[in-house]
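Data first, discussion second: the structure below is written as structure tokens.
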Amino acid sequence: QVQLVESGGGLVQPGGSLRLSCAASGSIFSINAMGWYRQAPGKQRELVATTTSGGSTNYADSVKGRFTITRANARNTVTLQMLSLKPEDTAVYYCNVPLGATHWGREFWGQGTQVTVSS
């Protein structure tokens, strides 16, 4: 199966930057897509950004122009560069390998990493 480990969360001021990373490990033949989701208290988990092995990317409207998702050439690591952070970006951020992205027939989630944007 796939194990996902996230890192890079922390406390930053509004307008600041953070880079999150997610490393995938396990018995993996290939991972065709990876993504980031986030969840704030009392809210539904929402998609932040996704990327595929073909190089396509998708971003939530709320982060377009500020966040960048990047896939490493080895395809076992994905990063989320977050610029111009706003207080509303505060959430737990989760790495995701979606259903259909591997041969395992299920999706995978990381443990989450806290991002707090506050003065």
Quiz prompt | Amide H contacts of Ser53 (H built 1.01 Å from N, under 5 Å, at least 5 apart or other chain) | solution = Ala33
Quiz item: Which distance in Å, rounded to a whole number, links the C-alpha centroids of segment 1-57 and segment 62-119?
Solution: 2 Å
Exercise. May I ask you to evaluate 6.51 cos²θ - 1.76 cosθ + 1.60, the Karplus curve with θ = phi - 60°, for each residue of segment 14-19 and list the ³J(HN,Hα) values in order in whole Hz, giving x for glycine and proline?
Key: x, x, x, 9, 9, 10
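So how much slack lies between Thr70 and Gln3, counting 0.36 nm per residue of separation and subtracting their Cα-Cα distance, in nm?
Here the answer is 22.2 nm.
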Quiz item: Of the chain, which part is the longest with no trypsin sites (Lys or Arg not before Pro) in a loop (DSSP not H, G, I, E, B) and with at most 16 other C-beta atoms within 10 angstrom?
Solution: 1-42
Self-check item: DSSP bridge pairs, the chain: antiparallel proportion in percent, nearest 5
Solution: 90 percent
Quiz prompt | Local electrostatic count, Gly112, Cβ distance below 13 Å [Lys/Arg +1, Asp/Glu -1] | solution = +1
Quiz prompt | Rounded to whole Hz, the Karplus (6.51, -1.76, 1.60) HN-Hα couplings of segment 47-60, x for glycine and proline | solution = 6, 9, 7, 9, 8, 10, 5, x, x, 6, 10, 9, 10, 5
Quiz prompt | Shape call, the chain: gyration tensor on alpha carbons, a/c limit 1.5 | solution = prolate
Quiz item: Expressed as a rounded percentage, what relative contact order does the chain have, with Cα pairs under 8 Å and six or more residues apart?
Solution: 36 percent
Self-check item: Solvent-accessible area per residue, Å², over segment 1-105 with all protein chains present [probe radius 1.4 Å]
Solution: 51 Å²
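The values are calculated or read from the model by the stated rules, or taken from the named source; none is laboratory data. For clarity, every value in this text was computed on a predicted model and none was experimentally measured. FYI the Cβ positions are ideal-geometry reconstructions off the backbone, even for glycines, and counts take in every protein chain you see. SASA here: full protein model, heavy atoms, side chains in, ligands and nucleic acids out. Shrake-Rupley method; radii C 1.70, N 1.55, O 1.52, S 1.80 Å.
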